[in-house]
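Nothing in this text is a laboratory measurement; each read-out follows from the coordinates by a stated rule. In this text, all values refer to a predicted model and were calculated from it rather than measured experimentally. Virtual Cβ from ideal backbone geometry, glycine too; neighbours counted across all protein chains shown.
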Amino acid sequence: MIKRIAVVLSLLFVSHAAFAAVVPDADIQAILADRIETQHQSVGIVVGVIDPTGRRVVAYGKTANDGKPVDADTVFEIGSISKVFTSLLLADAVKRGEVALTDPVSKYLPPDVKVPERGGKKITLVDLATHTSGLPRMPSNFHPKDPGNPYADYTVAQLYEFLATVELTRDIGSKYEYSNLGGGLLGHALARRAGTDYETLVRTRILQPLGMKSSAITLSKSMKEHLTPGHDASLQPVPNWDLPTLAGAGALRSTTNDLLTFLAANIGIEKSPLAPSMAAMIATRRPTGNPGLEIALGWHILTRDGHEIIWHNGGTGGYRTWIGFELKSRTGVVVLSNTSTTAGVDDIGLHLLDPAFPLLQPPKQHHEVKVDPAIFDRYAGRYELAPTFVITVSRNGDHLFAQATGQPNFEIFAENEHDFSYKVVDAQITFVVDATGRATSLVLHQNGANVPGKRIE
């Protein structure tokens, strides 16, 4: 799937130091070298920084294990960053008078397509752009023939079939839940409204006006020559992804240079006819349920110490990407990796915009032991660490998982019957049990903090 959205676990419990400037190029180079040479989390990473003084690019690693070095013109799949472009198409269509944010998406689909409703309310375009439509992350009839290119065979007919059968489990607009389906449906509807296909729409209304000549879905000859293969977590090459039906969710490919051009328009360093639409994107906001994090049209907005980091990340089978900016300093950052690992590059992007955000460190080695999986049933449940932050513990066969609010579901591993550790980040969970062995609370140990969470029903 196209992932990830939540700020990763190790960024949740940090002290809020003063906002600072982007770190020097030499320090960025050292971060990338550590991530690639020491942690083996990527084959190649490119970082771009833009502010009123200009743009600069720092790259480390290669396009492939035996390839040429990555650089500012290396082409990457950018995954869910495509949703920002889809939402910009929406804001631009509103400015043109073609659509309204409150239009039901059904208005731009064939009349015989049934779109789910709830409580007499219809799913609108703004609901899709803010991930509050009530639609699930993925359609239940998504069954890829090729797991290496999972979206390639999902058809428009299947999309319409799912919409006609799905029942919403909560009120439309009531809750944020990230949805690739919603992003893809929004792009599909906007293209139908414009009487064209998604790629033509994004090219004519965004890429060409901004001069982004190395961004597309269908690769030009030059883009093919500059495309870096994607790699999996074991650093082995994997196939590229195609998203014919859900293109608006994550089909775009781009370069660091092109994305810096996109950021330059967003932060006002370069004048653009899209500037009013870009401003409108971040003016419309809804809560996500995570403290300090809002969802705008496409963008996520993280607020701390009076500063707003406006960002989105992306990932496909072989890539991890991040783009973000801070308006007060008019600074933007792009981070593109040609490797799909759990660590990703979110922490690098956030750290470069605000060094108070810590960089992920490799999880410490913990002594894993075998325990009776029957005890997992006594631990399964929901634990509240803060009013809007809950860890849900669940059992799947002989494995135990913990999922924090708005984050992926990660397996945790026993050190003894009560202490469990993550492998994806340096964090541990201790279960506090009663006389029967049933957990009444847990404690999350991370970044030197020990955060208790009471079990809730």
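Net charge near V43, counting Lys/Arg +1 and Asp/Glu -1 over other residues with Cβ under 15 Å of its Cβ?
Summing Lys/Arg as +1 and Asp/Glu as -1 gives -2.
From largest to smallest, what semi-axes in whole angstrom does region 9-353 give when each is the square root of 5 times an eigenvalue of its alpha carbon gyration tensor?
Ellipsoid half-lengths, sorted descending, are 31, 23, 20 Å.
In a Debye calculation with equal point scatterers on the alpha-carbon sites of region 382-428 and no solvent, what is log10 I(q)/I(0) at q = 0.16, 0.26, 0.33 Å⁻¹?
Summing over Cα pairs of region 382-428 leads to -0.43, -1.06, -1.30.
For region 262-416, what class follows from the C-alpha gyration tensor (a ≥ b ≥ c being the square roots of its eigenvalues): rounded when a/c is under 1.5, otherwise prolate if a/b is larger than b/c, else oblate?
It is prolate, given that a/c is not under 1.5 and a/b is the larger ratio.
For region 373-456, take every pair of Cα atoms, bin their distances at 10 Å starting from 0, and report each bin as a whole percent.
19, 59, 21, 1
May I ask you to compute the full-extension gain from K328 to D25, defined as 0.36 nm times their residue separation minus their alpha-carbon distance, rounded to one decimal in nm?
Gain on extension, K328 to D25, equals 106.9 nm.
Could you size up the charge dipole of region 225-313 around its Cα centre, putting +1 on the beta carbon of Lys and Arg and -1 on that of Asp and Glu, and report it in debye to the nearest 20?
Rounded to the nearest 20 debye, it is 280 debye.
For the chain, what does the relative contact order come out to in percent, with C-alpha contacts under 8 Å and a separation of six or more?
With pairs under 8 Å counted, the relative contact order is 20 percent.
Given R₀ = 25 Å, FRET efficiency for N65-D34 by Cβ-Cβ distance, to 0.05?
The value I calculate is 0.85.
Can you give the helix-only mean residue ellipticity at 222 nm for the chain, where every DSSP H stretch with n ≥ 4 adds -39500 (n - 2.57) and the sum goes over all residues, rounded to the nearest 500 deg cm²/dmol?
-6000 deg cm²/dmol
Enter the Cα centre distance for the pair region 197-220 and region 76-109, rounded to the nearest angstrom.
Taking the Cα centre of region 76-109 as reference, the centre of region 197-220 is 15 Å away.
Would you mind classifying region 305-381 by shape? Square roots of the alpha carbon gyration tensor eigenvalues, ordered a ≥ b ≥ c; an a/c under 1.5 is rounded, otherwise it is prolate if a/b is larger than b/c and oblate if not.
Verdict is prolate for region 305-381.
7 Å from Cα along Cα→Cβ at both K370 and D153: what's the point-to-point distance in nm?
According to this spin-label approximation, the distance is 3.8 nm.
Which percent of Cα pairs goes in each bin when the distances of region 77-130 are cut into 5 angstrom slices starting at zero?
Going out from 0 Å in 5 Å bins, region 77-130 shows 4, 18, 24, 22, 17, 12, 3, 0 percent.
Place a label point 7 angstrom from the Cα of N416 along the Cα-to-Cβ direction, then list the residues of region 422-457 whose backbone nitrogen is under 11 Å away.
The answer is none.
Each label point is 7 Å from the Cα along the Cα-to-Cβ direction; what then is the distance between the points at D171 and R395, in nm?
3.6 nm
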